[in-house]
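Beneath this line is the structure, given in structure tokens, with notes to follow.
What follows draws every value from the coordinates through simple rules; no lab data is involved. Remember, it's a predicted structure, so these values are computed and weren't measured experimentally. FYI the Cβ positions are ideal-geometry reconstructions off the backbone, even for glycines, and counts take in every protein chain you see.
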There are 2 protein chains.
Amino acid sequence: MSRAFNFCAGPATLPEPVLKQAQEEMLDWRGTGMSVMEMSHRSDEFVAIAEEAERDLRELAEIPEDYAVLFMQGGASSQFSTIPLNLLGDKTSADYVNTGIWSKKAIAEARRYGDVNVVASSEDSGFTTVPDPSGWRTRPDAAYLHYTPNETIGGLEFDFVPDSGDVPLVADMSSTILSRPLDVTRYGLIYAGAQKNIGPSGLVVVILRKDLLGKARKETPTMMNYQVIADNGSMYNTPATYSWYLAGLVFKWLKAQGGLEAMAERNERKARKLYRFIDDNDFYANPIEPRFRSRMNVPFTLADEALNRAFLEGAEARGLLNLKGHRSVGGMRASLYNAMPEAGVDALIDYMAEFAKEHG
Amino acid sequence: MSRAFNFCAGPATLPEPVLKQAQEEMLDWRGTGMSVMEMSHRSDEFVAIAEEAERDLRELAEIPEDYAVLFMQGGASSQFSTIPLNLLGDKTSADYVNTGIWSKKAIAEARRYGDVNVVASSEDSGFTTVPDPSGWRTRPDAAYLHYTPNETIGGLEFDFVPDSGDVPLVADMSSTILSRPLDVTRYGLIYAGAQKNIGPSGLVVVILRKDLLGKARKETPTMMNYQVIADNGSMYNTPATYSWYLAGLVFKWLKAQGGLEAMAERNERKARKLYRFIDDNDFYANPIEPRFRSRMNVPFTLADEALNRAFLEGAEARGLLNLKGHRSVGGMRASLYNAMPEAGVDALIDYMAEFAKEHG
């Protein structure tokens, strides 16, 4: 078939121009006679690719010089241990906000390394809202405050940046990074698995304030020690070179689109359109409190669960792929990352309207 | 330029048919309308790709059913910590053989987790030989015996499999795996960073006897826990999907070449040719004791170091790339992995002969 509209939550659709460029350069990157994946990570060519990717990311997200940018391996899940191992330092406890499945995974892993205080949770609501920060039981002696700005599975997104005072704020931005401008200076550490808005899986980008380096516990595996990774320009060992290169192509594409302001506008428009259609149509429903609805991941249910299979089959026949919701939530989920064109959302809405008409 | 002969030690040259297939399938894998890197790792399509890769690897390397095959992230360097964290169990010590720079890195990292006994070292010889096993001071109560069958930097390769008795034998096969048949049953655990004979960097393949699972220390990061990774079919989190797919293409290519017997024959021929030329020509030298010369990495020096630069420039002009030796060893190094065609070795020898004639 021609290119489908792929609504997968991750690994996710990538910009077509990025894939085309990667395709063209596959056997011979700019006359070198090599694929990027065949290059020494120490070669002038690859070092230039890597540095340009970092520069473009710094420019896009306005990352100040007192922040390090690391291109690591192991995905966001590895960071669930890496963060407490590096940031607890001489403190014994960390604060976590629980807003969904990914928060819970981060909490469970951190508990293995220290005293984790869940300052607030919206579990009682079925994770349909963000707990009001006025009630958060934060502790001033916490090593850091961790939260998940966008819950990929639940489709719940913070519409504010928590105020953590002097405690470093740590954010799992896997499914929201680069979807809108962000104020990096509000954070101590930001991390993001690449496979949603950055590139292929197997890469995780970490942005951290340099004063947080150098506190790793002695049992920290060297490959998880931020100081070591930073000191070696993310090349303490061979990095995931091809993923890094693809991330660089995505950053270039984002710049060509007009940067994060332009993406925010487009993402806002895409999400608003889909939520409005869901709200206006009794056949579909989304359970999230409107102000916290994710612009990236839109879960929705059909009026009759028995129709789920027919819905998915009909969608697939039209090239609308991977709309099945996460098994823990059920129903459907449409992920609308940066690389999902507006035409994809329009095609989805058209199909949803027809399906509702036929079965509603 | 057209495709060069790339002698890089890793990331290394890949088979051209593999890159061509990846290129063709980049935007649309078999009519799905998606690139493999855009597929959910839980999708039927990707699961089929992943399982087929494992099956092909098991077939190629004759891996018995009582061994698990894991596709992990973080490269061999991550395994330097993962191995002691998982295999020390209730024992306190492990045995290591030191035959070069990679052995030393493995030893240094393991020392952070337990009592490491270096049973033998060839450091005094400048790592030009393998210590005679009759003198190894192994301990029957060691949790495992670790060695590096091929030292990528030094160009030193074991021509035997050590007999470790009842102690599990652990091998860093990054630069030798799949270059010849191997008897997996001699090993407790084999690991290999992908970026030499398997695929792109960012993937590490681990083959381990299942009775070694389930001994991880409690501080082991979950993403480093072999039991967890095995229980989840290497999909505890999102794996490096695209690298896994490329590894699968390499395995298919190896099967089409006739498997590991055929590769062994070809690799043997390539290496013999180059070493013979070096030995027959006073202008070049290789310091390794002949029986332990690596078939994968051939370091050599010129009679006059001042000519190194001219040698490299001349080579590059002919499309013979990345011949510079590792900084710790100096001189040159030609890596002759599976994907290096015999024509590349012939072209290198022709050039070396001409260069020696001109400058010798």
Item checked: 15 Å reach of a label modelled at B:LYS20, 7 Å along Cα-to-Cβ, counting backbone N of the range B:226-259 -> B:250, B:253-254, B:256-257
Margin query: Just want to confirm a number: the relative contact order over the range A:106-213, from Cα pairs under 8 angstrom separated by 6+ residues, in percent.
Written below: 17 percent
Next item on the list: Quick one: with label points 7 Å out along Cα→Cβ, list the inter-copy distances for A:GLU354 in nm, shortest first?
Entry: 6.3
Notebook entry, point to check: Nearest-5 percent of antiparallel DSSP beta bridges in the protein assembly as shown?
Noted result: 55 percent
Check: Can you give the FRET efficiency for B:LYS357 and B:GLU51, using 1/(1 + (r/R0)^6), R0 = 51 Å, r = Cβ-Cβ distance, to the nearest 0.05?
Finding: 0.45
Next item on the list: For A:ARG42 paired with B:ASP124, estimate the spin-label separation in nm (one decimal), with each label point 7 Å from Cα along the Cα-to-Cβ line.
Entry: 2.9 nm
Next item on the list: Over 16 Å, how big is the tail of the calculated P(r) for the range A:244-356, in percent of all Cα pairs?
Entry: 61 percent
Checklist line | For B:LYS273, inter-copy label distances in nm, listed shortest first [label point 7 Å out on the Cα-Cβ vector] | finding: 5.8
Check: Taking each residue of B:18-27 in turn, how many C-beta atoms of other protein chains fall within 10 Å of its C-beta, and what is the average?
Finding: 4
Notebook entry, point to check: Between A:GLU24 and the same site in the other copies, what are the distances in nm, shortest first, taking label points 7 Å from Cα along the C-beta direction?
Noted result: 2.2
Check: What nm distance separates the two modelled labels at B:ASP159 and A:ASP163, each placed 7 Å from Cα along Cα→Cβ?
Finding: 7.4 nm
Item checked: chain A - mean residue ellipticity at 222 nm from DSSP helices (-39,500 (n - 2.57) per run, n ≥ 4, rounded to 500) -> -11000 deg cm²/dmol
Check: Once amide H atoms are placed 1.01 Å from N in the peptide plane, what residues at a sequence separation of 5 or more from B:HIS146, or on another chain, have their amide H within under 5 Å of its amide H?
Finding: B:ASP95, B:TYR96, B:VAL97, B:VAL170
Next item on the list: Compute the relative contact order of chain A as a whole-number percentage, counting only Cα pairs closer than 8 Å that sit 6 or more residues apart in sequence.
Entry: 23 percent
Note to self: When a/c reaches 1.5 or more, the comparison of a/b and b/c decides; with that in mind, is the range A:313-360 rounded, prolate or oblate per its Cα gyration tensor?
What the structure shows: oblate
Check: Which loop-located trypsin sites (Lys or Arg not before Pro) does the range B:101-144 contain, where loop means any DSSP state but H, G, I, E or B and the Cβ has at most 15 other Cβ atoms within 10 Å?
Finding: B:ARG111, B:ARG137
Checklist line | Sequence of B:HIS41, A:HIS326 once ranked by neighbouring C-beta atoms within 10 Å, starting from the fewest | finding: A:HIS326, B:HIS41
Next item on the list: Just rank A:ASP115, A:ASP132, fewest to most, by other beta-carbon atoms within 10 angstrom.
Entry: A:ASP132, A:ASP115
Notebook entry, point to check: What residues qualify as long-range amide H neighbours of A:ALA240, i.e. H under 5 Å apart, gap of 5 or more or another chain, H built at 1.01 Å from N?
Noted result: none
Checklist line | Spacing of the two label points (7 Å from each Cα toward its C-beta) at B:ARG272 and B:ARG139, in nm | finding: 4.3 nm
Notebook entry, point to check: Once Lys and Arg get +1 and Asp and Glu get -1 on their Cβ, which of A:TYR284, A:LEU307, A:GLY325 lies farthest toward the positive end of the dipole of the range A:258-359?
Noted result: A:GLY325
Checklist line | GNM top mover of B:ASN232, B:ASN197, B:ASN98 - chain B, alpha-carbon springs below 10 Å | finding: B:ASN232
Notebook entry, point to check: Cα centroid distance between the range B:1-62 and the range B:88-104, in Å?
Noted result: 34 Å
Notebook entry, point to check: Where the centroid of each part is defined by its Cα atoms, how far is the range A:188-226 from the range A:243-317 in Å?
Noted result: 27 Å
Next item on the list: With just the Cα atoms of chain A, tell me how far they stretch along each of the three principal axes, in Å, largest first.
Entry: 61, 58, 31
Check: What ³J(HN,Hα) values, in whole Hz, does the Karplus curve 6.51 cos²θ - 1.76 cosθ + 1.60 give for the range B:199-209 when θ = phi - 60°, with x put for Gly and Pro?
Finding: x, x, 5, x, 9, 9, 9, 10, 10, 9, 5
Check: With a ≥ b ≥ c the root eigenvalues of the C-alpha gyration tensor of the protein assembly as shown, is it rounded (a/c under 1.5), prolate (a/b larger than b/c) or oblate?
Finding: prolate
Margin query: For a quick check, take a GNM of chain B with Cα springs below 10 Å and name the residue from B:PRO341, B:PRO84, B:PRO221 with the largest mean-square fluctuation.
Written below: B:PRO221
Notebook entry, point to check: Can you run phi through the Karplus equation (6.51, -1.76, 1.60; θ = phi - 60°) for the range A:139-144 and list ³J(HN,Hα) in whole Hz, with x for Gly and Pro?
Noted result: 10, x, 9, 5, 5, 6
Checklist line | Least to most buried among B:SER243, B:SER121, A:SER234 (fewest other Cβ within 10 Å first) | finding: B:SER121, A:SER234, B:SER243
